[in-house]
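The values are calculated or read from the model by the stated rules, or taken from the named source; none is laboratory data. Small disclaimer: the values here were computed from a predicted structure and weren't measured. Cβ atoms come from the backbone with ideal geometry, glycine included; neighbour counts cover every protein chain shown.
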Amino acid sequence: MSLNETTSSNLRVREATLDDVDGWVTAMLAGYEIDHQFVYRYPFRKQYPEDARSASAAVFKNFIANPNTVPLVAEAPIERPDGSSTGKWTIAAIACWEWRSIDDVENEAHPSSFSAPGTTRRDMDPQRQKVFIDAIVASEKRHFGPEWGRSRIELQDLACDPRFSRRGAGTALTRWGLRKAQDQGLPVMLTASPLGRLIYKKLGFQDLEYVECGIEGEEEKVGTWVMVWTPQGWEKPEQHAQ
């Protein structure tokens, strides 16, 4: 599938601004409701919806402030009941790309898109959050090492409001980052939910590891895939080439 292939004629992708905070949070939380990883870590989100919104808004504002991250929105036109356009747009999906170095990976305590287990979020199960973050960070340290070069791009967040599913929003947001990576000659890393993995596999990502974790004594587990994509013509640094 070509990186330049059009996914939908009625979607537009642009960089997010602070004015997008409410739409970003709404689309993100709607998309996360069908993500088992999120549901597992935030079992009290229905009781404390304001905690989920405020924490998500804080993460978004950090993305905006960070010079190494680019938050994106995919927008869909708002239509009248008769199908005609209102001329207005709504956020259908969100993503955030981060330019990172090997030092960032080696020194990371938890991903920038995750709330720390020690926060006061009442919607979170802190034990589950810690176990999940520890598993993700450990796997990234195992697989996102110097063999991929000193610089890389990571997809930190991707979510699509289910009302706009199957319109190509998630694919369009992912292709945006892959085009940047191709132009800059950088590999792309991410960790994927089962649903997200379907998109990434179609775009050429390769599995590096499947990680499953859970609380000792609890039957329920949660898993994630660690994945990588390399641009055309990219080669591993000479000391890591086989």
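Filtering Leu155, Leu195 for residues that are closer than 27 Å to Thr90 by Cα and either out of contact with any Leu (no Cβ under 6 Å at 6 or more places or on another chain) or free of Cβ contacts under 8 Å to residues at least 60 places away in the same chain (or both) leaves a single hit, Leu195. Out of the residues in the range 67-104 meeting the condition of being more than 14 Å from Ile153 (Cβ to Cβ) and among the polar types (S, T, N, Q), tell me which one is surrounded by the most Cβ atoms within 10 Å (Cβ to Cβ). Per the stated criteria, the residue is Thr90. Looking across the range 127-170, the residues that are β-branched (Val, Ile, Thr) and either surrounded by fewer than 15 Cβ atoms within 10 Å (Cβ to Cβ) or under 24 Å from Val222 (Cα atoms) (or both) come down to Val131, Ile133, Ile136, Val137. Kindly establish whether Ala57 is part of a helix (DSSP H, G or I), at negative phi and touching a helix residue (DSSP H, G or I) at 6+ places or on another chain (Cβ under 6 Å). So Ala57 fits the description; yes. Restricting the first member to the range 214-235 and to residues that are under 22 Å from Ser193 (Cα atoms), and the second to residues that are part of a loop (DSSP other than H, G, I, E, B) and basic (Lys, Arg), the beta-carbon pairs closer than 6 Å and six or more apart or on different chains are Gly214/Lys221. In the set (1) touching a Gly at 6+ places or on another chain (Cβ under 9 Å); (2) in a helix (DSSP H, G or I), the condition left unmet by Val211 is number (2). Per this entry, Gly149 is counted among residues that are among the small types (Gly, Ala, Ser), over 26 Å from Glu33 (Cα atoms), touching a helix residue (DSSP H, G or I) at 6+ places or on another chain (Cβ under 8 Å) and modelled with pLDDT of 95 or more.
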